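What follows draws every value from the coordinates through simple rules; no lab data is involved. All values reported here derive from a predicted model rather than from experimental measurement. No Cβ is skipped: glycine too gets one built from the backbone with ideal geometry, and neighbour counts run over all protein chains shown.
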Amino acid sequence: MRKHFGYLSLWFLGICAAHASAVVLDQPLPQVALQDQHAKPWAIRADTRLVIFAAGRTPSNLVMEVLGEQPKGFLDSRHAVYVADMSRMPGIISRTFALPALREQPFAVGVALDEKLLAQWPRQENAVTLIRLEAGMVARIDYARSANELKAALGL
């Protein structure tokens, strides 16, 4: 009986951990342990007001199209961060092409290679998720499907 209780406890903790990472309006943004494109620890800072989240090729390309035109320090000046969910990308592709391309950028990118880390984060097909924060709390969730929409969200 004790052995089964141990497995049940671990299962329950796993369920709680998965739900703990959901992004919910009027709740604190869940902290996730990510690395940047240089394999260094990366976290969303307390003063962040906008999280730009891309999951998939089309949203990632859209973000890079817009951010690639901006000067160094642009995201910091906007109190914004970029999080890329690359977990569905084949490992060889991410290691050979995607991460080296990100390393050339003048800004840090929070990179998720484990699909469980950001599985509960909001996303829509072919859209960049824009998570607006106020004092660390999720105030609004929007989506950008074009460069103009993303630029508008960044105040450009």
Next item on the list: Kindly write out, for region 129-142 in residue order, the coupling ³J(HN,Hα) from the Karplus curve 6.51 cos²θ - 1.76 cosθ + 1.60 (θ = phi - 60°), rounded to whole Hz, with x marking Gly and Pro.
Entry: 8, 10, 9, 8, 10, 10, 6, x, 9, 6, 9, 7, 10, 10
Checklist line | Relative packing of peptides 107-120, 25-38 - highest average C-beta neighbours within 10 Å first | finding: 107-120, 25-38
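Using Cα pairs closer than 8 Å and at least 6 residues apart in sequence, work out the relative contact order for region 19-108, in percent. Don't skip to the answer; put the middle values down first.
Details: 75 pairs, mean separation 26.9, N = 90.
After rounding, I find 30 percent.
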Next item on the list: Provide the FRET efficiency to the nearest 0.05 for the R140-N61 pair, computing r from the beta carbons and using R0 = 22 Å.
Entry: 0.35
Next item on the list: Please go through the residue pairs K72/K116; K40/K116; K40/K151 and name each one whose alpha carbons sit more than 24 Å apart in this structure.
Entry: K72/K116; K40/K151
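Stretched out fully, how many nm does the piece from Q31 to K72 gain, at 0.36 nm a residue minus the Cα gap? Could you put the intermediate results ahead of the total?
Values: separation 41, 0.36 × 41 = 14.76 nm, distance 2.54 nm.
Separation in residues times 0.36 nm, less the Cα-Cα distance, equals 12.2 nm.
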Check: Under 5 Å between amide H atoms, partner at least 5 residues away or on a different chain: which partners does Y143 have, H built in plane at 1.01 Å?
Finding: L130
Check: In terms of modelled amide H atoms, which long-range or inter-chain residues lie less than 5 Å from the amide H of V109?
Finding: Q37
